[in-house]
Amino acid sequence: MSNQEFGPKKLLVIIVEILLVVILAFVAVGLIQLYWVGSIGVVGSSMSPTIKSSGSKVYINKAYKSLKKGDVVVVYIPEELGSFKPNGTKYTLADFADDKEVCPATKKTTFSDFIRSLPFVRNLQAGEDTGENGYKRVIKRVVGCPGDTIAFVNGELYVNNVKEEKFVYTWSTLGVTDHTSNNYNYKLAEGEYFILGDNRGNSNDSEDYGPIKASWIYGRVFLLAQDGKLDSKI
């Protein structure tokens, strides 16, 4: 082969082609993370011992078709949900009926969202103290789906009249009840879910603020990475 074949022009073409491949790969990964699959770091201990907070990461499916009891999800919860209004009543689901355009889980994507989805640009985290735009980003387990009846009786959780042995509370922690009763009974409507942390004694969840909306769910967890291992059974 002649030296002309490996001259400056040929080298420049090769460099440009490599750069284009790298750019296209970054764009492809960014689009995938923006619309389909994302990775999120876990902070806090609300899902312990299933998910350790230090160094753990979950992978979520944003394009999930359905959810079932037992699924782990990342959710955007309005920071005001469950807190008290100036008039003394609590903020409930009804106060956020038209929030699809502002909730980070469902608002329309922008070019800025795409840039943040690119590799190495932003590392999202889920925990009690993480969030954006007035919503906190949490990771919890689904214990009740639309149509299910959720009940707390004397501090014990029942789903469709079946006692859940894993979720036991005391009267003092039942935020969804009033001050005169430790009992609670609610049938989940269409588009409503009841979520709890696996660390029952240290989790701010539906037991505190009631059911959440399907439109707040950012994605369903399908893979857990912790302790140098990958686990699809969480």
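Where a number appears in this text, it was derived from the coordinates with a stated rule and is not lab data. A quick note: this is a predicted structure, and the numbers were derived from the prediction, not measured. Positions of Cβ are generated from backbone atoms using ideal geometry, with glycine treated the same way; all protein chains shown enter the neighbour counts.
Of all DSSP beta bridges confined to the chain, the antiparallel ones make up roughly 95%. Estimated from helices alone, the mean residue ellipticity of the chain at 222 nm is -5500 deg cm²/dmol (sum of -39500 (n - 2.57) over DSSP H runs with n ≥ 4, per residue).
Remark on Gly144: its backbone amide H falls under 5 Å from those of Phe194, a criterion applied only to residues 5 or more positions apart or on other chains, H modelled at 1.01 Å from N. Here the Karplus relation 6.51 cos²θ - 1.76 cosθ + 1.60, evaluated at θ = phi - 60°, turns the backbone of segment 107-120 into coupling constants of 5, 4, 6, 10, 5, 4, 4, 5, 4, 5, 7, 5, x, 6 Hz, with x for every Gly and Pro.
Between Ile15, Ile195, Ile51, the residue with the greatest mean-square fluctuation in the GNM of the chain (Cα pairs under 10 Å linked by springs) is Ile15. Converting the Cα gyration tensor eigenvalues of segment 114-234 into ellipsoid dimensions via √(5λ) gives semi-axes, longest first, of 29, 16, 15 Å.
Positive-end ranking of Ile32, Ile60, Tyr135 along the dipole of the chain, with charges on Cβ about the Cα centre, is headed by Ile32. Each listed q (0.21 Å⁻¹) maps to a log10 I(q)/I(0) for segment 102-149 from the Debye sum over equal C-alpha point scatterers, namely -0.91. Database remark: amide H of Val221 closer than 5 angstrom to the amide H of Asn61, Val72, Val73, Val74 (H placed geometrically; neighbours at sequence offset of 5 or more, or on other chains; Pro and chain starts carry no H).
Here is the tail figure for segment 29-71: Cα pairs spaced more than 17 Å apart come to 47 percent of all pairs. Equivalent-ellipsoid semi-axes for segment 65-150 (Cα gyration tensor, √(5λ), whole Å, largest first): 25, 19, 13. By the beta-carbon count within 10 Å of each Cβ, the least crowded to most crowded order of Ile139, Ile23, Ile234, fewest first, is Ile23, Ile234, Ile139. Sorted on the mean count of surrounding Cβ atoms within 10 Å across their residues, most packed first, peptides 87-93, 218-224 read 218-224, 87-93. Counting only Cα atoms, segment 1-91 measures 83, 34, 29 Å along its principal axes, largest extent leading.
Residues in segment 57-67 carry Karplus couplings, in order, of 9, 10, 10, 10, 9, 7, 9, 4, 8, 7, 10 Hz; the curve used is 6.51 cos²θ - 1.76 cosθ + 1.60 with θ = phi - 60°, and Gly or Pro positions show x. Which whole-angstrom value gives the distance between the alpha carbon centres of segment 178-234 and segment 40-83? So the separation of the two Cα centres works out to 8 Å. May I ask for the Rg/Rh ratio of the chain, computed from Cα atoms with Rh as the Kirkwood radius, given to two decimals? Dividing the radius of gyration by the Kirkwood radius yields 1.13. Bridgeable aspartates and glutamates around Lys65 (alpha carbons under 18 Å apart, same-chain partners fewer than 8 residues away excluded): Glu190, Glu192. The simple Förster model, with R0 at 22 Å and r as the Cβ-Cβ distance, assigns Thr177 and Asn87 a FRET efficiency of 0.60.
If you take all other residues with their beta carbon under 9 Å from the beta carbon of Lys166, and give Lys and Arg +1 and Asp and Glu -1, the sum is -2. Using the Karplus relation 6.51 cos²θ - 1.76 cosθ + 1.60 with θ = phi - 60°, the per-residue 3J(HN,Hα) values for segment 29-39 come to 5, x, 5, 4, 6, 6, 10, 10, 10, x, 10 Hz, with x marking Gly and Pro. Once the Cβ-Cβ distance of Asp227 and Leu11 is raised to the sixth power relative to R0 = 41 Å, the FRET efficiency obtained is 0.35.
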